[in-house]
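Asks: Dumping the structure here so I can ask a few things about it.
The values are calculated or read from the model by the stated rules, or taken from the named source; none is laboratory data. Just so you know, these numbers come straight off a predicted model, no measurement behind them. Every residue, glycine as well, gets a Cβ built from its backbone with ideal geometry; the counts of neighbours run over all protein chains shown. The accessibility values were calculated without ligands, DNA or RNA, using every heavy atom of the protein model including side chains. Shrake-Rupley method; radii C 1.70, N 1.55, O 1.52, S 1.80 Å.
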Amino acid sequence: MNTTPSVTPPPDLPANLQSADAVQPRPILWIITLTAITMSLFQMYTAGISPMGLFYQRSAHLGFVLFLAFLIFPITGATRSRGTLGWIADAGFLTAAFLSGFYIFYFLDDIVSRAGWWSRTDIIMGIIATVAVLEASRRVVGLGMTIIGLIAIAYALAGPRGALPWLGEWMPGILSHRGASVDRLIGQLYLGQEGIFGLPLGVAATYVFMFVLFGAFLEVTGAGKFFIDLAFAATGRKPGGPAKAAVIASAGMGSISGSAIANVVTTGAFTIPLMKKLGYKPKEAGGIEAAASTGGQITPPLMGAGAFLISEYTNVPYIEIVMVSIFPAILYLGTVYLFVHLVAMKAGMTGMKASELPVIRHVLAAGWQFIVPLLVLIYLLVNNISPTRVGFWAIISVIAVTALRSGFTLIVLDPQNGKPLSFDRLRDAVISGLKLMAQALELGARNAVAVSVACAVAGIIVGVVGLTGLGLKFSSMMISMSGGSLVLALIFVLIASLILGMGLPVTAAYIVLIVLVGPALSNEFGVPLLIAHLVVFWYSQDSNVTPPIALAGFAGAAIAGSKPMETSMQAWKYAKGLYLIPAFMVFNPEIIMGGETWYVIWTGVLVVIGLVGFAAAIEGYLFTWMDKLSRLLIIPGVICIFNPSELIEAAGGMFVLALLVWNFVISRRVSAAGSPTA
């Protein structure tokens, strides 16, 4: 691999954006670029120079996002040009996008002064905005989320006093409500703080966008290559090296992107072919990458949009969310790493040759500047600076260190002859830097479209839940069905998250689920508020790796050339920590909330023993092959470790540890006898 310092070319756009751009006329591509850059500059200005009021910021953000969505994704689909009729329809939607944001932005004072006595224009504009949001969701996020949004609207209008009274007759008793008129519903969704412009879009318009833009700047300047090379340098020579590098690189990429699918396509392009070359089956290579990349969304310091929402919902500073998430993230990535190691040892794999790997000191010499912005980000968060302002200064730090680095290597001296650059070369270097900034600004805005549209539709769902009281009814249903059992309640939450994950992206699934089941977990089952949110946040990730809808698994399959369902099954196996670790948080809250030092260490050791035992039982191998009886006995021991009783969990931990030690003793005996262990 090349380890010499270089400016890495900007990353390619995601596949859906590439296919959409392929059918766009060049003038439209220029308009998309200018709109995206303008949006990013507007967001940076309001984040770091002149903050705006709540509704001003959110309405302007929505207008930009919808305008970009309708420009990038034609009504005719990503692979067909619009044609005359398509342009007529999209001209209407582009106008609706502009009006959706402009109307609130320009007439906010008048709307506030009416205080609920909405004018006919208010209602018409609200209907236009709602339709525009749902159509943008259909194009950008998928039909599933649009259907859920439409169902939520129909549910709000159903009832004896609603606009669709006949629909209310079909509702079961516990789901029935009095119904809402169109005016009341639009007032809730468009003209209030609990609908489209509610907390989800608010977080997307401030914190999330800035950190997405921060990730775009790091990607464009070459941080992705740095993290991948560093991971290969650290683990490449070990058994199953490329697979272990995938875990570490995905953690590194996750710290700047917070997107499982982005991690798969970025790191997987390097790691999956090498895993296959080393001996992993294509489905295993794709599954390992998908499971590892899912860890990126729970890996600090950037954990996807959901972590910022947790902070807003719980009023817990974001830095505290980061701090309490470090150990669980290590546990998850460690579990995936262990699975990778066991598969490699079972198959007798070896690592890569030293000549095929980068050298750590060369990698650090080429990319040390990418560590500086992360340190700046963490320092500012620790000092309780607003996450929006932190994102702003993190971006400035990326620009600064990149400029300083390129200024030293490209401007001061000509790399070809070691002499000072001529004026022409200096001018070209400056222009190249400006182009790189423009690419980052455009990429950040494009990457934010899907998240913001999803949050806008999630706002519709949240608004309906608040209007109809569905949240309390859903909580009552969960309590009744679980019979007061917290274990059954967690299983129901897991099933609900999987079902929602079939139609919603991770962030939207978390928002909907926490609104529905969060009150029951916290108020009825006594789960601490922060842990309840973390559990739902973790369970919402399972749509990335759990069949039949496993988005990260499908992306891994596409790169590996394997069958999507087989690859998703492998990803599901390697990502078991996604289900076990949240359960441990619930029954051992001290590991998150803090407590006596000895007890926190004790519970930490127990969960490590449990996860190691579980992985060994699944693979049938640890230090050597495990017999069937040992594999069966480990399972009840692991279950005991997750029991809230200290005595039972201690007994389970000792039992599992004894079985693991016995496996080690057998491996020594086999080794002493001169027989292979695998």
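Asks: I'd like to verify a number: residues in the range 306-358 that are under 16 Å from residue 535 (Cβ atoms) and aliphatic (A, V, I, L, M), how many?
Replies: Adding up the residues that qualify gives 8.
Asks: Report those helices (runs of 4 or more DSSP H) wholly inside the range 422-505 carrying at least 2 residues which are more than 28 Å from residue 526 (Cβ to Cβ) and among the charged types (D, E, K, R).
Replies: In the range 422-505, the matching helices (runs of 4 or more DSSP H) lie at 423-468.
Asks: Tell me, yes or no, whether the range 530-553 has at least one residue that is of a type in the set (A, V, I, L, M, F, W, C), open to solvent by 10 Å² or more (accessible area, probe 1.4 Å) and more than 30 Å from residue 467 (Cβ to Cβ).
Replies: Yes, because at least one residue in the range 530-553 is of a type in the set (A, V, I, L, M, F, W, C), open to solvent by 10 Å² or more (accessible area, probe 1.4 Å) and more than 30 Å from residue 467 (Cβ to Cβ).
Asks: Starting from residues that are open to solvent by 20 Å² or more (accessible area, probe 1.4 Å) and of a type in the set (Ser, Thr, Tyr), keep the ones in the range 56-81 and report whichever is nearest to residue 196 (Cα to Cα).
Replies: The qualifying residue nearest to residue 196 (Cα to Cα) is 56.
Asks: Right, next: Looking only at the range 95-145, filter to residues that are β-branched (Val, Ile, Thr) and closer than 19 Å to residue 515 by Cβ; which one of those is surrounded by the most Cβ atoms within 10 Å (Cβ to Cβ)?
Replies: 133
Asks: Let me ask something else. Within the range 193-210, is even one residue modelled with pLDDT under 85, more than 30 Å from residue 132 (Cα to Cα) and not β-branched (Val, Ile, Thr)?
Replies: no
Asks: Further question: When you scan the range 71-82, do you find a residue that is of a type outside the set (Lys, Arg), at pLDDT 90 or above and not in a loop (DSSP other than H, G, I, E, B), even just one?
Replies: yes
Asks: Within the range 472-504, which residues are buried (at least 24 other Cβ atoms within 10 Å of the Cβ) and in contact with a Gly (Cβ under 8 Å, 6 or more places away or on another chain)?
Replies: Matches in the range 472-504: 504 only.
Asks: Further question on the same structure: What about residue 48, is it open to solvent by less than 60 Å² (accessible area, probe 1.4 Å), of a type in the set (Gly, Ala, Ser), modelled with pLDDT under 90 and within 22 Å of residue 395 (Cβ to Cβ)?
Replies: Answer is yes for this residue.
Asks: Follow-up. Go through the range 543-555 residue by residue and tally those that are part of a helix (DSSP H, G or I) and hydroxyl-bearing (Ser, Thr, Tyr).
Replies: Of the residues in the range 543-555, 1 are part of a helix (DSSP H, G or I) and hydroxyl-bearing (Ser, Thr, Tyr).
Asks: From the list 287, 304, 367, 348, which residue is open to solvent by 10 Å² or more (accessible area, probe 1.4 Å) and more than 16 Å from residue 538 (Cα to Cα)?
Replies: Selected residue: 348, the only one of 287, 304, 367, 348 that is open to solvent by 10 Å² or more (accessible area, probe 1.4 Å) and more than 16 Å from residue 538 (Cα to Cα).
Asks: Just checking: which of the helices (runs of 4 or more DSSP H) contained wholly in the range 146-211 hold 3 or more residues that are open to solvent by 10 Å² or more (accessible area, probe 1.4 Å) and out of contact with any Pro (no Cβ under 9 Å at 6 or more places or on another chain)?
Replies: 165-168, 182-189
Asks: Let me ask another. Does the range 611-623 contain any residue that is more than 24 Å from residue 320 (Cβ to Cβ), open to solvent by less than 20 Å² (accessible area, probe 1.4 Å), touching a Gly at 6+ places or on another chain (Cβ under 7 Å) and of a type outside the set (Phe, Trp, Tyr)?
Replies: yes
Asks: Evaluate the following for residue 354: is it aliphatic (A, V, I, L, M), in contact with a Lys or Arg (Cβ under 8 Å, 6 or more places away or on another chain) and open to solvent by 30 Å² or more (accessible area, probe 1.4 Å)?
Replies: Answer is yes for this residue.
Asks: Give the range 137-157 a look and list any residue that's under 15 Å from residue 461 (Cβ atoms) and among the aliphatic types (A, V, I, L, M), or say none.
Replies: Within the range 137-157, 141, 145, 147, 148, 150, 151, 152, 153, 154, 156, 157 meet the criteria.
Asks: Under the condition of being surrounded by fewer than 20 Cβ atoms within 10 Å (Cβ to Cβ) and in contact with a helix residue (DSSP H, G or I) (Cβ under 9 Å, 6 or more places away or on another chain), which residue from the range 647-657 is nearest to residue 485 (Cα to Cα)?
Replies: Among those that are surrounded by fewer than 20 Cβ atoms within 10 Å (Cβ to Cβ) and in contact with a helix residue (DSSP H, G or I) (Cβ under 9 Å, 6 or more places away or on another chain), it is 648.
Asks: Scanning for something assigned to a helix (DSSP H, G or I) and closer than 18 Å to residue 462 by Cα, does the range 219-237 turn up at least one residue?
Replies: No: the range 219-237 contains no residue that is assigned to a helix (DSSP H, G or I) and closer than 18 Å to residue 462 by Cα.
Asks: Right, here's the next one. Of the residues that make up the range 320-341, is at least one in contact with a Phe, Trp or Tyr (Cβ under 6 Å, 6 or more places away or on another chain) and either crowded, with 16+ Cβ neighbours inside 10 Å or within 22 Å of residue 284 (Cα to Cα) (or both)?
Replies: So far as the range 320-341 goes, yes, one or more of its residues are in contact with a Phe, Trp or Tyr (Cβ under 6 Å, 6 or more places away or on another chain) and either crowded, with 16+ Cβ neighbours inside 10 Å or within 22 Å of residue 284 (Cα to Cα) (or both).
Asks: Mind listing whichever residues of the range 556-582 are open to solvent by 20 Å² or more (accessible area, probe 1.4 Å) and either assigned to a helix (DSSP H, G or I) or β-branched (Val, Ile, Thr) (or both)?
Replies: If the condition is that a residue be open to solvent by 20 Å² or more (accessible area, probe 1.4 Å) and either assigned to a helix (DSSP H, G or I) or β-branched (Val, Ile, Thr) (or both), then 558, 559, 564, 565, 566, 569, 570, 572, 573, 579, 580 are the ones that fit.
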